[in-house]
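Structure record follows, encoded as structure tokens.
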Amino acid sequence: MVKKVAILTNGGDAPGLNAVIRAIVKTAETNGVECYGYIEGYKGLLNNNYVKLDSTKNASGLLHRGGTIIGTSNSTNVFNLKVEENGQTVYKDMSDQCVKNIKDAGFDCIFTLGGDGTQKSARDFSLKGVNVIGVPKTIDNDVASTDITFGYNTAVSVATEALDRLHTTAESHHRIMVLEVMGRYAGWIALESAIAGGADACLIPEIPYDIHKVAEKVNERRAQGKDFSIIVVSEGAKPIDGEIVVKKKLDDGKGLDNIRLGGIGEKVANDLEELTGLTARNTVLGYVQRGGTPTSYDRVLSSKYGVKAMRLAMRGTFNVLVNYRNGKMGHVSLEEVVGNNKEIGAASGNTKESNIRKIEKDDDLIKTAKSLGISLGK
């Protein structure tokens, strides 16, 4: 019987993380289970740094709070940890130390709140005998095997509000306004906010764009007497004859996404200005999308995820990801989540073995955008 559990939040922060923590803690306490939190995700697991969570003390008043009260890390792959030894960089598998820390602390289950990278490591730990339950978190909404991740609704709401504000400036100054939003390998935020915000074009990673097609849309509007346009661009969008725009290459270690994207919005704005003759300006929404207060939808969704995760633990159902499909909470095996990405400590994300959830060409969002006259640059 589960008596003592721990939570870790890993990867980028997202609205709703604290609501999940709260739901797990409160459900645990109701059933006489002690709950703890590892500080800064897998880094805290490696350093054996954890605190007790109490709904009357440090885990109180969390529903409206953004971020995560136990911190997070997106640069720690304990199966391929970058360390310095004798002045040289080497990589070590430190997962056995993490397993020892878990067993020494007496934790019966570890809840891993994170995206594809976090759940890849969760699956790898499950092969080492650790009882793991994953909860899908990413504002990009690209975790496999679930219809929606918590934090995504808040990100779309922020992007939509930004588009509402950009509309007034675009119309007043007769400009092209480009909004660059998050979405490295999947364009969910871009496409849904474009529909909600009345954008004229939307460029997403799944559909390499032809900038001339976007310019045609702008000129078509101008011929109709509309001398301004709104363009939404996912940070991972790329032209048909080019690659994604990389702002900086990182060296955080193997098995991590070592590129920092940035600049595609500026490129699109410059290209459209040259092709159409209209003034174009770019706005990068950045971290505003994943910071601050979660929407009511995300608070409820996060609570559902947290309660379901704890209930699975009490049933002894481990090594799964809590998911939300067709309006119902459920779970799938972590093996299904990682798909063909089976190698221990391997990179997650945009590899041919990865199983991240992208927008299919026959998705209703694609059909809706096209029917509304939103150009997808193709």
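The values are calculated or read from the model by the stated rules, or taken from the named source; none is laboratory data. Every value quoted in this text rests on a predicted model; they were computed, and no experiment measured them. Backbone-built Cβ (ideal geometry, glycine too); neighbour counts: all protein chains shown.
One line per residue, one yes/no per condition, for (1) buried (at least 24 other Cβ atoms within 10 Å of the Cβ); (2) of a type outside the set (Val, Ile, Thr); (3) touching a residue at least 24 places away in the same chain (Cβ under 8 Å); (4) outside any helix (DSSP H, G or I):
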{"position": "VAL130", "(1), (2), (3), (4)": "no, no, yes, yes"}
{"position": "VAL135", "(1), (2), (3), (4)": "yes, no, yes, yes"}
{"position": "ASN141", "(1), (2), (3), (4)": "yes, yes, yes, yes"}
{"position": "THR160", "(1), (2), (3), (4)": "no, no, yes, no"}
{"position": "ARG165", "(1), (2), (3), (4)": "no, yes, no, no"}
{"position": "SER172", "(1), (2), (3), (4)": "no, yes, no, no"}
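Table: residues versus (1) surrounded by 14 or more Cβ atoms within 10 Å (Cβ to Cβ); (2) of a type in the set (A, V, I, L, M, F, W, C); (3) part of a helix (DSSP H, G or I).
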residue: ALA309; (1), (2), (3): yes, yes, yes
residue: ALA313; (1), (2), (3): yes, yes, yes
residue: VAL332; (1), (2), (3): yes, yes, no
residue: GLU360; (1), (2), (3): no, no, no
residue: LEU365; (1), (2), (3): yes, yes, yes
residue: ALA369; (1), (2), (3): yes, yes, yes
residue: LYS378; (1), (2), (3): no, no, no
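Can you name the residue in segment 1-34 that is in a helix (DSSP H, G or I) and among the hydroxyl-bearing types (Ser, Thr, Tyr) and is also surrounded by the fewest Cβ atoms within 10 Å (Cβ to Cβ) among such residues? Checking each candidate, the answer is THR30.
Would you point out the residue of segment 35-45, among those that are touching a Ser or Thr at 6+ places or on another chain (Cβ under 7 Å) and in contact (Cβ under 8 Å) with a residue 40 or more places away in the chain, that is surrounded by the fewest Cβ atoms within 10 Å (Cβ to Cβ)?
Filtering segment 35-45 for residues touching a Ser or Thr at 6+ places or on another chain (Cβ under 7 Å) gives 40-43.
Going one step further and asking which of them are in contact (Cβ under 8 Å) with a residue 40 or more places away in the chain, we end up with 41-42.
Values: GLY41: 26, TYR42: 30.
Taking the candidates together, the pick is GLY41.
The residue of segment 238-249 that is surrounded by the most Cβ atoms within 10 Å (Cβ to Cβ), among those that are within 23 Å of the chain's Cα centre (by Cα) and of a type in the set (D, E, K, R), is LYS238.
Taken together, ILE70, ILE102, ILE133 contain a single residue that is in contact with a Phe, Trp or Tyr (Cβ under 6 Å, 6 or more places away or on another chain) and either assigned by TED's automatic domain parsing to the domain that holds GLY286 or modelled with pLDDT of 95 or more (or both), which is ILE133.
Would you confirm whether or not segment 334-345 contains a residue that is surrounded by 13 or more Cβ atoms within 10 Å (Cβ to Cβ), among the polar types (S, T, N, Q) and out of contact with any His (no Cβ under 7 Å at 6 or more places or on another chain)? Yes, that holds for at least one residue. Taking (1) over 16 Å from ALA309 (Cα atoms); (2) in contact with a Ser or Thr (Cβ under 7 Å, 6 or more places away or on another chain); (3) modelled with pLDDT of 95 or more in turn, ASN18 satisfies each apart from (1). Among the residues of segment 180-199, the one identified as touching a helix residue (DSSP H, G or I) at 6+ places or on another chain (Cβ under 7 Å), without any contact (Cβ under 8 Å) to a residue 60 or more places away in the chain and among the aliphatic types (A, V, I, L, M) is ALA196. Tell me which residues, restricted to segment 192-237, are more than 23 Å from the chain's Cα centre (by Cα), among the polar types (S, T, N, Q) and either part of a helix (DSSP H, G or I) or surrounded by 23 or more Cβ atoms within 10 Å (Cβ to Cβ) (or both). Listed by number, the residues that qualify are ASN219, SER229.
Filtering segment 35-69 to residues that are among the hydrophobic types (A, V, I, L, M, F, W, C) and either within 17 Å of ARG22 (Cα to Cα) or part of a loop (DSSP other than H, G, I, E, B) (or both) leaves CYS35, ILE39, VAL51, LEU53, ALA59, LEU62, LEU63, ILE69.
Apart from one condition, ASN282 fits all of (1) assigned to a loop (DSSP other than H, G, I, E, B); (2) in contact with a Gly (Cβ under 6 Å, 6 or more places away or on another chain); the exception is (1).
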